[in-house]
Amino acid sequence: MRRITEKRAYKWLIGQLSPTQNWLLASIILGLINGLLFLAQASLLAKIIHQIVMEDAVRASLIHDLMLTVMIIVLRALCHWGREITGFRAGLVVREVIRGAILNKLKALGPLVIAEQPAGSWSTMVVEQVEELQEFVARYIPQMALAVLIPLVILIVAFPMNWTAGLIFLGTAPLIPVFMALVGIKAAEANRRNFRALNRLGGFFLDRLQGMETLRLFQRTRHEHESLKTASEDFRHKTMQVLRLAFLSSTVLEFFASVSIAILAVYLGMSFLGYLNFGSYGAGVSLYSGLFLLLLAPEFYQPLRDLGTHYHAKSKAVGAAELILETLEREESRVHQGKGSLAMETPVSLNAERLTVQGSVEGRALLKEVSFDIATGERVAIIGPSGAGKSTLVNTLMGFWNYQGKIRVAGEDLSSFSMDNWRKRIAWLGQQPMIIHGTVYENVSLGRDLDESQVNRALAKAQAMEIVEQLPEGLNALLQEQGGNLSVGQAQRIALARAIAEPVKLLILDEPTASLDAYNERLVLDALEAIDPECTVITVTHRLKQIDSMDRVLMLENGQLVADGEPGVLKRESAVVQAFVAGLAGSLDNE
Amino acid sequence: MSDLLPYLKLYRRHWGALSVGMLLALATLLFSLGLLALSGWFITATALAGLTVVTAQTFDFFSPGAGVRGFSIGRTAARYFERLVSHDATFKLLAWLRSWFFEKLLPLSMTQLKRYRKAELLNRLVADVDALDQLYLRLFSPVTAAVLVVILLSLGLSFFSPVLGRGAILLMGVWLIVLPLMFYRLGYKSGRQQGKLMGELRQKVLDYLQGMAESRIYGSEVRMRERTDATEQHLHHTQKKMSRLEGLGGALMLAGAGISAVIMLYLAAGEYQQGVISGPVMVMSVFAVLAAFEALMPLPGAFQFLGNTQLAASRLTEILEEEAIEFGDKTLPDAFKGQIAFLDVYFQYPAAAVSKTEGPMILDGISLDIPAGQHLALLGKTGCGKSTLIRILTRQLTGFEGRIEVGGIAINDYSEASLYQLLTVIPQQTHVFSSTLRQNLKMARPEAQDSELLETVKAVGLDRLAAAEGDHNLLDLWLGQGGVALSGGEQRRLAIARALLKKGEVLIMDEASEGLDPISEDHLMNQILDAYRDKTVIMITHKKAMLERMDRVIQMDGGRVV
């Protein structure tokens, strides 16, 4: 996997902005209008004061100008509101697009790749990391444009009025790119350090919370409590050292903003008093122009200062983008499939010829030239030590792995079928029951159009009716996973109901009773006994009793098929099976 | 607000640093206000003085000029130190909050905390704790600064004219009181809903991803995706509401600042024309009000999200109010023998909130005598109660009925230190701390020397890790997050190494050899049983080979010994 650099992540992020151009543009334009209206407001205020102080205008005669000022202010407020809304919409579009892209990518990568990492890490990316992009798009990007545009507008207005004031602004203006870089590099560095320190500290805290039970058993809680304190202190010291320097860069900006007001005020005062006599093209400075320029001064630097405060949004977004991009650029392997479909009632017989599956680590085959035949309605056990390729085999049959060689279903090539169609003929039950956050009904139907009676029938067949009867809301009761209102055994029976809710021709079971207690195991096995005899059943199992009740046993070892035959025969004649079975008998689960 | 009170009280400990931070924030605002107001005064005063040559020449421009420069330097310095101090205080506060919370969690029973073991929930817990420190930066400090600015400005203005003083406090006071209340109310519902929907989206995404194989098989992947998308839309809808509010808050502030300045100008013009104040003071008061609104700017946002912070606080309170384990004060008797006795022990989980039915009896009258030095194997199917029995013995679960004695003393009477000094546990799941291998081992025996640690590492076969990581000191190897991830077997070895180092009086193993290959299993079990030869050992196992080494085998089923 390629490491995603910060630069590339930033570039990619900027590239993601195109679908939201219009919202961004609207946000920038509204910000600019707000800036222009501010000029009008400042000009009106200066004019009113000038008239009162210098021309002794009566208060009543100024009502018109005062009302006009209020109107402009209301317009500015509306612009501000609009800017906020359009900015938000811009971020929303980007988040929607990127979240969709990640989910599509995960879909393309498929369930096997997803299972490689804890599901929580994926959901953090899809939910939290994508949220981190919001502020960056909504605030930082428009502000970047405004930080250039608004000072420019102010310069254009200030120069014709008083070139000295213009120069005072301009004198610091060439520094703006420098500030941008300073705010950019230094503040970024500060932010990064700040966040890294906070994250590390958070990680430390989380780790100790997770291990609290262990800490208690070893009587180390007091000690770790102390080290939590020292670690925090340590982080604080180190981070503050960096921040002390880094804050200086933004202080420079602050300094120029303050000093330019001071210089401007002194310059104007001295001009009024006649000590200075330049800048106003010989016309002399009026109180109006003096006050107007003074009001502009803080506004000249404000956009840049705002940019600085949004900077953390950028570093967060780039950090998130690095992770997102890493996922989006993962290679996906597509399973070859055709358009053919298998008729509903066709019984499923399977034939594999020199079936080979390559793992994600290059050069390592998960299955090596495996060939076998499975007849319609046959009950087949797949056995073998862990890592032998049992799960790979069933996953390949379900169309989740790319393979070489041939798989034939009812005599026809599997790759000629559309996988969606083929999977409709299969039901599957895994070792760990999958329970979604929803009602019993939703869990059994899993998005299929099943009516209540179908769901009830499935629950009855799966011996799961008693679970539903215990719940006051019946089918509409919300199910909660581990530690909630379901035990693993109960959850597995619900999952079984899901698997047998619709008639299928091939049932694949991957250690369905491995995590169940005796009672639930019996219920699940009883339910499986009652499956339609025409349905082919493939079971991955470690339980001796289950192996003995099968028609056929396939044994895998290191990805190769090492035994194939009736359980009774194999137990008598195959040395590998004998050794394996002896190992199983050593586990007390098989008694 | 009562949700937040206990947490606000916590700030008292840091009042020193926090009030310095707030004072500096206030100083920054006042300097900034002073700079603009004084500049306005100065320009107007010089403009008036410049009208005649005499007044122009006698005008003292040194003091106001110095004032303007002083304010500008003062503002810069105050801002710099304010940032330093407030960041420092935040770090301190955060560290303190976490350590305080950690301390509060310690005595709680793991029964209740079990539901927080999932990483996602723990993450939320950490986020909730962090939300509390935002209270200071986002709420406490700005509100205090704003109130003080408004009061000081009004007092200052009434020095020149009572009308202007009253005007300022009225204009700004309304904004100061109305906006926070309004935004607290407006943001309350959506803010909470936003938090809830975020959790729901996370859940739906998890469902979609974890269930992808199944939904693909049942042809319902598209439907499952639609479920996620619908929740996302719902979340976005709520966020839209919140962002509209945020925009409204900013807009109202902006309008408030402008309109207040216009009204101040109108009032000041009246005072000026009546001769109460001079022209420069009129300009000064208008500019001061305009600048003072900078102090009010952060308020709507802060109050809009207050509802969320309250929610975090109430969730934390809920945890903290849970039942604590009470330990006794008995210490180990001198002639301690590790015999263990269970007398009529019953246990069931408390009624679940959802199904409203009490859980089944997990332990249904267990009576068991284990003489000192006996090695006992505990067998039984998943769910027969054997792990529960052990968790009760180690007091990780509370609330059993009956009596359990170790060395003739009821386990509830032992002090925490004594109980865990005598029990050594190899749990089903090993927690690897993100720390060095040395620290991960030393927790079992803090005074252990490196040589002893290395010996143990070799004994359990963890020295293989060195090959992967080169020559540097194996004990410095960083494990866990950000370091070497240990495989299941290696985690077992680490747990066994810890038990070898600790050597308590009683050893308890819960499927300690799971995930190990048969040869290492044999080797490791020999070692640990050898080290604990004269001690009492209770071992849960699924392996037949283990039974031959034990003195006694107990089979459990349905919460009973059979």
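Read-outs throughout are calculated quantities, based only on the coordinates presented, and are distinct from any laboratory measurement. Predicted model only: the values in this text are computed from it and were never measured. Note: ideal-geometry Cβ built from the backbone for every residue, glycine included; neighbour counts use all protein chains shown.
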Quiz prompt | Average Cα contact separation per residue, region A:350-590, under 8 Å, 6 or more apart, as relative contact order % | solution = 26 percent
Quiz prompt | Under 19 Å from the Cα of A:Lys571 - lysines, other chains or at least 8 residues apart | solution = A:Lys545
Exercise. Starting from the Cα gyration tensor of the protein assembly as shown, multiply each eigenvalue by 5, take the square root, and state the resulting semi-axes largest first in whole Å.
Key: 69, 36, 26
Quiz item: In this model, which of A:Lys238/B:Lys458; A:Lys390/B:Lys503; A:Lys7/B:Lys196; A:Lys105/A:Lys316; A:Lys107/A:Lys505; A:Lys316/B:Lys189 are farther than 32 Å apart at the alpha-carbon?
Solution: A:Lys238/B:Lys458; A:Lys390/B:Lys503; A:Lys7/B:Lys196
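In peptide B:235-244, what is the residue-averaged number of other protein chain Cβ atoms found within 10 Å of each Cβ? Before the final figure, lay out each step's value.
Working: counts 3, 5, 0, 0, 6, 4, 0, 1, 9, 4.
Mean shielding by partner chains, rounded to a whole number: 3.
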Quiz prompt | For region B:236-356, projected area of the alpha-carbon convex hull averaged over all directions, nm² | solution = 19.2 nm²
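Only helical DSSP H runs with n ≥ 4 go in: add -39500 (n - 2.57) per run for chain B, normalise by residue count and round the 222 nm mean residue ellipticity to 500 deg cm²/dmol.
Helix contribution divided over all residues of chain B: -20500 deg cm²/dmol.
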Quiz item: Under the rule of -39500 (n - 2.57) per DSSP H run of 4 or more residues, summed and divided by the residues of chain A, what mean residue ellipticity at 222 nm is obtained, to the nearest 500 deg cm²/dmol?
Solution: -19500 deg cm²/dmol
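In which sequence would B:Asp450, B:Asp534, B:Asp229 go, from the one with the fewest C-beta neighbours within 10 Å to the one with the most? The partial results should precede the final answer.
Numbers: B:Asp450 13, B:Asp534 9, B:Asp229 17.
If I rank by nearby Cβ atoms, fewest first, I get B:Asp534, B:Asp450, B:Asp229.
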Quiz item: If each Cα of region B:104-262 is one equal point scatterer, what is log10 of I(q)/I(0) from the Debye formula at q = 0.19 Å⁻¹?
Solution: -1.22
Self-check item: More than 47 Å apart - percent of Cα-Cα pairs taken over chain A
Solution: 42 percent
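Before anything else, pin down the relative contact order of chain B: Cα pairs under 8 Å, at least 6 apart, normalised by residue count, whole percent.
Values: 755 pairs, mean separation 89.9, N = 562.
Relative contact order for chain B comes out at 16 percent.
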Exercise. For B:Lys104, go through the lysines and keep the ones whose alpha-carbon is under 20 Å away, minus same-chain ones fewer than eight residues off.
Key: A:Lys229, B:Lys9, B:Lys92, B:Lys114, B:Lys118
Exercise. Compute the acute angle (0 to 90°) between the alpha-carbon long axis of helix B:306-320 and the principal axis of greatest extent of the alpha-carbon atoms of chain B; round to the nearest 10°.
Key: 30 degrees
Quiz prompt | Candidate aspartates and glutamates for bridging to A:Lys368, where Cα separation is under 12 Å - those fewer than 8 sequence places away on the same chain excluded | solution = A:Glu353, A:Glu557
Practice problem: Give me Rg over Rh for chain B, both radii from the alpha carbons and Rh done the Kirkwood way, two decimal places. | Solution: 1.15
Quiz item: For the pair A:Ala115 and B:Gln57, how long in nm is the line joining their label points, each one 7 Å along Cα→Cβ?
Solution: 9.8 nm
Quiz item: So how far, in whole Å, is the C-alpha centre of region A:1-69 from the one of region B:196-236?
Solution: 41 Å
Quiz item: What percent do you get for the relative contact order of region A:6-328 when only Cα pairs under 8 Å and 6+ apart count?
Solution: 32 percent
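To the nearest µm²/s, what D does Stokes-Einstein give for region A:441-565 at 10 °C and 1.306 mPa s, using the Kirkwood radius over alpha carbon pairs as Rh? It would help to have the intermediate numbers written out before the result.
Numbers: Rh = 15.8 Å.
For these conditions, the coefficient is 101 µm²/s.
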Quiz item: What are the principal axis extents of the Cα atoms in region A:6-328, in Å, biggest first?
Solution: 84, 45, 37
Exercise. For region B:5-320, divide the Cα radius of gyration by the Kirkwood radius and give the resulting Rg/Rh value with two decimals.
Key: 1.13
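Given Cα positions, please report Rg to Rh for region A:350-590, the hydrodynamic radius being the Kirkwood one. List each step's numbers first, then the result.
On the way: Rg = 18.4 Å, Rh = 18.8 Å.
Expressed as Rg/Rh, it is 0.98.
For A:Leu215, B:Leu296, which order do you get if you count the other beta carbons within 10 Å of each Cβ and list the fewest first?
Values: A:Leu215 22, B:Leu296 25.
With the sparsest Cβ surroundings first, the list reads A:Leu215, B:Leu296.
Pop the C-beta distance of A:Met465 and A:Glu378 into the FRET formula with R0 = 30 Å and round what comes out to the nearest 0.05.
Once the sixth-power term is evaluated, E becomes 0.50.
When 1/r is averaged over all different Cα pairs and the result inverted, which Kirkwood radius in Å belongs to region B:360-457?
By the Kirkwood definition, the hydrodynamic radius is 16.2 Å.
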Quiz item: Mind checking which helices in chain A clear 20 Å along their axis (Cα) and have mean Kyte-Doolittle hydropathy of -1.0 or more, DSSP H runs only?
Solution: A:21-55, A:63-114, A:141-161, A:187-210, A:221-272, A:287-309, A:311-328
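If we count other beta carbons within 10 Å of each Cβ, what is the order of A:Asp65, B:Asp60, fewest first?
Values: A:Asp65 17, B:Asp60 9.
Arranged by neighbour count, lowest to highest, A:Asp65, B:Asp60 become B:Asp60, A:Asp65.
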Exercise. Mind jotting down the distance between the C-alpha centroids of region A:101-144 and region A:370-387, whole Å?
Key: 39 Å
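Could you sort A:226-235, A:394-403, A:525-534 so that the peptide with the highest average Cβ count within 10 Å comes first and the rest follow in order? Before the final figure, lay out each step's value.
Numbers: A:226-235: 16.0, A:394-403: 21.6, A:525-534: 14.1.
Those peptides, ordered most packed to least, come out A:394-403, A:226-235, A:525-534.
Partner chain Cβ atoms within 10 Å, averaged over the residues of B:543-549 - can you pull that number for me?
Mean partner shielding for this stretch: 2.
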Quiz item: To the nearest whole number, what is the average tally of beta carbon atoms from other chains within 10 Å of the beta carbons of peptide B:424-431?
Solution: 3
Practice problem: In whole angstrom, note down how far apart the Cα centers of region B:501-562 and region A:535-588 are. | Solution: 29 Å
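State to the nearest 20 debye the size of the charge dipole of the protein assembly as shown about its Cα centre, where the only charges are +1 on K and R beta carbons and -1 on D and E beta carbons. List each step's numbers first, then the result.
On the way: 112 positive and 115 negative charges, 610 e Å.
The calculation lands at about 2940 debye.
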